[in-house]
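Values in this text are rule-based calculations from the coordinates and carry no lab data. It should be emphasised that the depicted structure is a prediction, and the values quoted were computed from it without experimental measurement. Cβ sites come from the backbone with ideal geometry, for glycine too, and all protein chains shown count toward neighbours.
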Amino acid sequence: MELAFLSAVEQALLVRSREVSSTELVQLYLDRIQRLDSELNAYVTVCGEEALERAAEIDTQSGSEPFRGVPIAVKDLTPTAGIRTTFSSHAYANFVPDYDAAVVRRLRGAGFVIVGKTNTPEFGTTAFTESDLNGPTRNPWDPDRTPGGSSGGAAAALAAGLIPIAHGTDGGGSVRIPASCCGVFGLKPSRGRVSSAPFGSLEGLSTAGALSRTVEDAAHLLDVLAGYEPGDPWWAPPPERPFADAAAASPGTLRVAVTSTPPIETPVSPECVAALRSAADLLTELGHDVGEMTPPWSDPDLFHTFIEVWQAGVALHPIEDLSLITALNRGLVESARASSAVDYVRAVAKLQMIARRTVAFWDEIDVVLTPTLAMPPVAIGWQASVDGAIEQLLRNTEFTPFTAIANLTGLPAMSLPLHWSDDGLPIGVQVIGPPAGEALLLSLATQVESARPWANRRPPLS
C-alpha cells in the first residue's frame, strides 16, 4: 500500500525499525497538503518548519513510543503551545497559546509530530465545518458537499491522505458525523475516559476522540489519550487491559438492538435506512442476536432543553465585542445571558433524567445500532440557507438526530464506514455501547472491519 495510506501503527513500526524516517513521513504529508489542500481547505494552520525540526530530532534519537515519528493533525478547538489556535473565530484569529491541552501533551508524549491544525466551525457549535474566518472544508468524495461535524477538517484530511490519523472532539457527534460523511472510522469515548484538562467540559458533553482508517489505530490512540488528570470532575474506570488488546479479541455473541427511530422526530433518508439494514444483516451473519428495539430516548422538549445547556458553552468565551462572532453564536450568547442559573440547572436536571432512563435500556442489550446520520452529506451552505440561530440549529438536528444522545448519556459510540450511496457518497452506521464499553465496541468494530474491509477505499480527491 502507498506509504501515505499506511496505518499510523504501521508507520510507527517503520520509524522505530528505521526503515522510514520521521522526516520522510512529515515531508510526505506536507507535500500532499501543499498539493491538495487548496481544494479541501482541511487545514487552518500548517506548521511545517516546526514539524520537520521535531522529526529531525526524533530521527537522531532512539525510543519506543507507540506512535514514534508519526504525523498527526490536531483540531483547531484544542490549544497547542506555540501553534496558532483560532477556534475558527475572528475573536481568536491571532491567538497563540503558551500551553498544551492535556490531550496534546499526551499526543506529543506518544511520539506524534504535529503538522498542523484542522478546520472547524466557530467554537465547534454546529455540525458543519464552515467558518467565517477560515472558510468551508470540502468533502473529498464530492467537493460540493460538507465533510460534516465540527471535526470535518480532520476527517477530510484523513480521507484524502493528508494525514494518517487525526484528533477530533465530539460534543454532539462531531467525530462520528464527519466519519460518516468522509468514509472513515470515528470513535467517541465514554464520558470521563479522556480528560478535558486544563478545562472543564460543559456537563461532560464533549470529549476528544479518534478519527482513523483502521480500528487498530483508533484503539492505540485511545490508549494514549485515556486517563485521569488531577481534578477531573468525572472519570471512567480504567480498562481491564489495553484497548489495543481488547480490539483484537472476539466480542462474543452480542445482543444488538436496531432502530431507525431517532430521539428527536425527523425524517430519515431511505439511503441511511438501507445502510442500517445492511449493517444489521451483517451482524446477524456474524452470529449476533439482532432485533428491532428503540431505547426510551424520545422527549418532546429534548431539542430546546439541550440548547439551553449547549448555548452556555459559547457564552463562556470572554468576548466583549459580539460582532466578532457569527450571527448564530451571537444569538446563542444573547440567549444564554438572558437565562438564569435556575434555567440552566433545570435544563441540566431534565437532561440527566432523560439520560438515566435511556441508559437503563442497556441492562437488556449490549449495543444499539442506528444510522449515524439522517441523510447523506448535504451541500455546503445548507445550514446557512435558513435564518436565525434556532432555525439553523434545527437543521443540525435534521441532519444529525442520532448522535447527540451518546454525548447526553456519556455512552461510548462509533461510526463504521460500511455503506456508500449510488452516487458514491459515504454513509456510516452508528453503534452505541454500554457505559464504559469502549473495549466491547472496538472488538466488534474489528470483527466487522475484517468481514467488510473499508481502509482501501479512496475518495476522488486524494
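Quick notes on this one:
- DSSP-loop GluC sites (Glu not before Pro) across the stretch 46-100, with at most 14 other Cβ within 10 angstrom: none
- Fewest-first sequence of Trp310, Trp234 by Cβ atoms within 10 Å of each Cβ: Trp234, Trp310
- Antiparallel content of DSSP bridges confined to the chain, in %, to 5: 70
- Electrostatic bookkeeping for Asp232 treats Lys and Arg as +1 and Asp and Glu as -1; over the other residues with beta carbon under 11 Å from its beta carbon, the sum is +1.
- For the stretch 317-326, backbone phi angles converted through the Karplus equation (6.51, -1.76, 1.60; θ = phi - 60°) give residue-by-residue couplings of 5, x, 10, 7, 8, 6, 5, 7, 10, 5 Hz, Gly and Pro being listed as x.
- In this structure, Glu53 and Arg18 have a Cβ-Cβ separation that, at R0 = 22 Å, corresponds to a calculated FRET efficiency of about 0.70.
- Maximal additional length on extending the Arg452-Ser269 stretch stands at 63.6 nm, based on 0.36 nm per residue less the C-alpha distance.
- For the chain, the residue among Gly153, Gly209, Pro238 whose Cα projects farthest onto the positive side of the dipole built from Cβ charges is Pro238.
- Separation between Cα centres of the stretch 329-376 and the stretch 128-164, rounded to whole Å: 26
- Taking amide hydrogens as placed 1.01 Å from N in the peptide plane, the amide H of Thr45 sits under 5 Å from those of Lys117, each at least 5 positions away in sequence or on another chain.
- Per-residue ellipticity at 222 nm, computed for the chain from helices alone with -39500 (n - 2.57) per DSSP H run of at least four residues, works out to -11500 deg cm²/dmol.
- For the pair the stretch 68-117 and the stretch 433-462, the centres of their Cα atoms are 26 angstrom apart.
- Built amide H within the under 5 Å cut-off of Gly209, gap 5+: Gly168, Thr169, Asp170
- If only the Cβ of Lys and Arg carry +1 and only the Cβ of Asp and Glu carry -1, the dipole of the chain around its Cα centre is close to 360 debye.
- Packing-based exposure ordering (other Cβ within 10 Å, fewest first) of Arg138, Arg68, Arg457, Arg35: Arg35, Arg457, Arg68, Arg138
- For the stretch 3-451: relative contact order, % (alpha-carbon pairs under 8 angstrom, 6 or more apart): 17
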